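**Q** Could you have a look at this structure, given as C-alpha cells, before my questions?
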Amino acid sequence: MLFFGIWEGAGRWPLSPTFPPFSRTAWALGRMTADGTLARAYVSTLEPLVIGIAVSAVVGVGFGIAMGLSRAVEWLSLPLFVIAQAAPMAAIIPLITYIYGIGLTAKTLAVVVLAVPVITMNSYKGIRNTNPSLIEMCRAFLGTRRQQVLKIVLPHAGGLIFAGLRLGVAMGFIGVVIAELLITPTGIGDLITYHSSVADYPEMFAAVASIVALGALTIRGLQSVERRVFPPEIRGS
Amino acid sequence: MTVTIEAIVEVREIGMTYDTGVEALRDVTLTFPRGCLSTVLGPSGCGKTTLLKIIGGLIRPSTGEVRVAGRRVDGPGPERAFVFQDFALLPWANVLRNVAFGLELRGVPRDQRHTVARRSIAEVGLLGFEASYPHQLSGGMRQRVGLARALAVDAEIILMDEPFSSVDEQTRRKFQEDLLLLLRDRQKTVLFVTHSIEEAVYLSDRIVLLSPRPGSVARIIQPSIERARRSPDEIRRDKNYLDAVDEIWQILKRYVA
C-alpha cells in the first residue's frame with residue numbers, strides 16, 4: 001500500500017514525464033484486461049515459456065541425475081553446465097536467432113538456455129549430496145544398486161531438485177521476456193515496446209507490472225508447494 | 001572349568017590400509033563366540049569401526065579374510081544386521097517404514113513386514129511412535145529405531161557401531177539395561193564397538209582391546225560378572241565389574257597421550 005502510495009506521488013510530482021502515477025497505470029491495466037489485449041498477449045508469451053520450462057525440466061533433471069549417478073557423464077558434461085550457469089546466457093540469444101530464426105523455436109530455446117543450467121546443477125547437487133551413511137545402511141541391509149537409487153538417492157534429492165525447478169521457472173520468465181524484447185516483439189514484450197514507442201507510458205508500465213507480478217506469484221506458489229511436499233525437517237538435503 | 005563355545009565369526013590376519021595411505025588395522029586375528037555379546041574397545045582412531053565394517057562386509061580388507069559361520073565374507077549378508085553410530089534413518093520415512101526398511105529391501109510384502117516391524121517396535125519400547133518421523137524423536141529413541149530395524153530382519157549376528165555415542169549419559173544407561181534384557185533370552189551374537197570402558201564391561205562377557213593405529217589386538221579380557229537375577233546397580237557395584245574396569249584402564253592409560 002505504501003509502495004503504491006509512493007508510486008502515485010512520484011508519478012504526480014512528476015519524477016519524469018515518462019513515469020505515470022499508480023492510478024493511471026492501474027486504470028490502463030484495467031482497460032487492457034477488459035478489452036482482451038492483455039489476455040491475447042499472455043497467450044503468446046506463455047506458449048514459449050510453458051514449452052521451454054517443460055523441456056528444461058526433462059533435460060535438466062535428466063542430465064542432473066545422470067551426472068550425479070555416473071562419473072563418466074559427470075566428467076563429460078559438468079564443465080559445460082558450470083560454464084553455462086556462470087555465463088550471461090542472454091548474450092547468446094542473438095546467436096539463437098541467427099540459427100533458428102525469429103519464431104516460437106527461438107523463443108522456446110531462449111527459455112531453455114536460461115533455465116536448464118540451474119535445474120541441472122541443483123539436481124546434480126541433490127544426488128551428489130546423498131548422505132553416505134544412508135547408502136551404507138542400504139548396502140548393509142542388502143539393497144541393490146537400483147533400490148539404492150530409487151529408495152535413497154532420489155527421495156533424498158527430491159527437495160533440491162524441486163528447488164532447482166523453481167529457480168528454473170524464474171530464469172524462464174527472464175528468458176521469455178528477453179526473447180520477446182530482443183528477437184521479435186510478441187506478447188507481453190510487444191505491449192512493452194509498442195506502448196513505449198508511441199509514448200503510452202501508463203500502458204507500458206501496466207504491461208511491465210503485470211509480468212513482474214505474474215512471475216513473483218508463480219514463484220511464491222511454487223515455494224509454498226515445495227514447503228508442503230518437502231518440509232525441511234524430513235527433507236534429506 | 002573352561003567351556004569352549006563355537007566361534008561364529010573368525011577374523012584372520014586382517015590388515016587394512018586406506019587409499020590415503022592410513023594404516024587402520026594390522027594383522028588382526030580373533031574369533032567371536034556364538035550367542036555372546038562381545039565388545040571391541042579401544043582409543044579413538046584405532047580402527048575398531050573399520051574392523052566392524054569389514055566384518056559387516058561394508059569395507060573390503062586389504063589383507064586377510066573374515067569367515068562367518070565358516071563362510072568367507074565378501075559383502076553384507078542376511079545373517080548380519082548393522083546398527084549405525086549416526087542411526088542412518090530415512091528422514092522422510094516414519095518409524096514403521098524405517099524399522100521395516102530391511103525387509104522392504106528384501107521384497108517382503110507390505111502387510112507381512114509391517115507385522116514384523118510392529119513386533120520389533122514393541123520390543124525396543126517404542127509402541128505408539130509408529131507414525132512419528134525421526135526428527136520428532138530424541139537421539140535415544142532414534143537409536144531404538146535403528147536397533148528395531150536390525151532386529152526385524154532377524155539376523156543371527158548384530159553388529160553395533162558405537163550405538164550410544166551420540167546419546168546422553170542417562171539415556172545411554174537405560175538403553176544399555178534394556179539391551180541386556182532384550183538379548184537375554186535370544187540366541188543372538190552381538191559385536192559391539194565402543195570407546196567407553198564402563199559400557200564394555202557392563203554389557204559384555206568378552207572384551208577385545210585394540211591398540212592405537214594401526215589397530216591390533218592388545219588383549220582379550222573376560223570378566224566373570226554374575227548378571228542373572230541382579231539389578232543393573234548391583235552389577236555396577238560388583239567387585240569383578242570394578243576390577244575389570246580398572247584393569248582395562250591400566251592398559252588403555254598407556255595409549256592416551
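The values are calculated or read from the model by the stated rules, or taken from the named source; none is laboratory data. A quick note: this is a predicted structure, and the numbers were derived from the prediction, not measured. Here the Cβ positions follow ideal geometry from the backbone for every residue, glycine too, while neighbour counts run over all protein chains shown.
**Q** For the range B:86-132, give me the residue count where each residue is more than 10 Å from chain A (Cβ to nearest Cβ), among the aromatic types (Phe, Trp, Tyr) and surrounded by 20 or more Cβ atoms within 10 Å (Cβ to Cβ).
**A** Number of matching residues: 0.
**Q** Tell me the residue from A:GLY172, A:GLY164, A:GLY159, A:GLY221 that is small (Gly, Ala, Ser), in contact with a Leu (Cβ under 7 Å, 6 or more places away or on another chain), closer than 26 Å to A:ALA115 by Cβ and in a helix (DSSP H, G or I), please.
**A** A:GLY172
**Q** Turning to a different aspect of this structure: Would you pick out the residues in the range B:56-67 that are within 11 Å of another protein chain (Cβ to nearest Cβ) and outside any loop (DSSP other than H, G, I, E, B)?
**A** Keep residues of the range B:56-67 that are within 11 Å of another protein chain (Cβ to nearest Cβ), which gives B:56-59.
Matches in the range B:56-67: B:GLY56 only.
**Q** Right, another one. Only one of these is over 21 Å from B:ALA148 (Cα atoms) and either among the β-branched types (Val, Ile, Thr) or surrounded by fewer than 19 Cβ atoms within 10 Å (Cβ to Cβ) (or both): B:GLU177, B:GLU198. Name it. Can you show your working first?
**A** Values: B:GLU177 fails: over 21 Å from B:ALA148 (Cα atoms).
So the residue among B:GLU177, B:GLU198 that is over 21 Å from B:ALA148 (Cα atoms) and either among the β-branched types (Val, Ile, Thr) or surrounded by fewer than 19 Cβ atoms within 10 Å (Cβ to Cβ) (or both) is B:GLU198.
**Q** Same structure again: Can you confirm whether the range B:68-76 contains a residue that is surrounded by fewer than 18 Cβ atoms within 10 Å (Cβ to Cβ) and assigned to a strand (DSSP E or B)? Give the derivation first.
**A** Restricting attention to the range B:68-76, the residues satisfying the condition of being surrounded by fewer than 18 Cβ atoms within 10 Å (Cβ to Cβ) are B:69-72, B:74-75.
In the following step, the residues that additionally are assigned to a strand (DSSP E or B) were identified as B:71-72.
There is at least one residue in the range B:68-76 that is surrounded by fewer than 18 Cβ atoms within 10 Å (Cβ to Cβ) and assigned to a strand (DSSP E or B).
**Q** Would you mention how many residues in the range A:39-62 are surrounded by fewer than 16 Cβ atoms within 10 Å (Cβ to Cβ) and either farther than 16 Å from A:ILE178 by Cβ or β-branched (Val, Ile, Thr) (or both)? Step through it out loud before you land on a result.
**A** Filtering the range A:39-62 down to residues surrounded by fewer than 16 Cβ atoms within 10 Å (Cβ to Cβ) leaves A:39-40, A:43, A:46, A:50, A:54, A:58-59, A:62.
Restricting the remaining residues to those that are either farther than 16 Å from A:ILE178 by Cβ or β-branched (Val, Ile, Thr) (or both) gives A:39-40, A:43, A:50, A:54, A:58-59, A:62.
Matching residues across the range A:39-62 total 8.
**Q** Then there is this: Grab the helices (runs of 4 or more DSSP H) fully contained in the range A:49-155, keeping just those with 3 or more residues being more than 30 Å from B:PHE101 (Cα to Cα) and either touching a strand residue (DSSP E or B) at 6+ places or on another chain (Cβ under 8 Å) or free of Cβ contacts under 8 Å to residues at least 24 places away in the same chain (or both).
**A** Working: elements: A:71-86, A:93-100, A:104-128, A:132-140.
Qualifying helices (runs of 4 or more DSSP H): A:71-86, A:93-100.
**Q** With closer than 19 Å to A:ILE234 by Cα, under 24 Å from the mean Cα position of the chain (by Cα) and outside the structural domain of B:ARG186 (by TED's automatic domain parsing) as the only criterion, which of B:LEU126, B:LEU137 stands out?
**A** Values: B:LEU126 fails: closer than 19 Å to A:ILE234 by Cα.
From the options B:LEU126, B:LEU137, the qualifying one is B:LEU137.
**Q** Taking the range A:122-150 as the search range and keeping residues that are within 10 Å of another protein chain (Cβ to nearest Cβ), under 21 Å from B:VAL153 (Cα atoms) and not hydrophobic (A, V, I, L, M, F, W, C), which one is surrounded by the most Cβ atoms within 10 Å (Cβ to Cβ)?
**A** Result: A:GLY143.
**Q** Among the residues of the range A:178-237 satisfying the criterion of being within 14 Å of another protein chain (Cβ to nearest Cβ) and surrounded by fewer than 16 Cβ atoms within 10 Å (Cβ to Cβ), which is modelled with the lowest pLDDT?
**A** So, considering only residues that are within 14 Å of another protein chain (Cβ to nearest Cβ) and surrounded by fewer than 16 Cβ atoms within 10 Å (Cβ to Cβ), the one modelled with the lowest pLDDT is A:GLU233.
**Q** Related question: For the range B:208-257, which residues satisfy the criterion of being of a type in the set (Phe, Trp, Tyr) and either under 19 Å from B:ASP178 (Cα atoms) or within 22 Å of the chain's Cα centre (by Cα) (or both)?
**A** Restricting attention to the range B:208-257, the residues satisfying the condition of being of a type in the set (Phe, Trp, Tyr) are B:241, B:249, B:255.
Of everything in the range B:208-257, those that are of a type in the set (Phe, Trp, Tyr) and either under 19 Å from B:ASP178 (Cα atoms) or within 22 Å of the chain's Cα centre (by Cα) (or both) turn out to be B:TYR241, B:TRP249.
**Q** Can we say B:SER38 is buried (at least 20 other Cβ atoms within 10 Å of the Cβ), polar (S, T, N, Q) and more than 14 Å from every other protein chain (Cβ to nearest Cβ)? Let's see the steps before the verdict.
**A** Numbers: buried (at least 20 other Cβ atoms within 10 Å of the Cβ): yes; polar (S, T, N, Q): yes; more than 14 Å from every other protein chain (Cβ to nearest Cβ): yes.
The answer is yes for B:SER38.
**Q** Please note which strands (runs of 3 or more DSSP E) are completely contained in the range B:179-250 and include at least 1 residues that are under 30 Å from B:ILE121 (Cβ atoms).
**A** Values: elements: B:189-194, B:206-210, B:217-221.
It comes to B:189-194, B:206-210.
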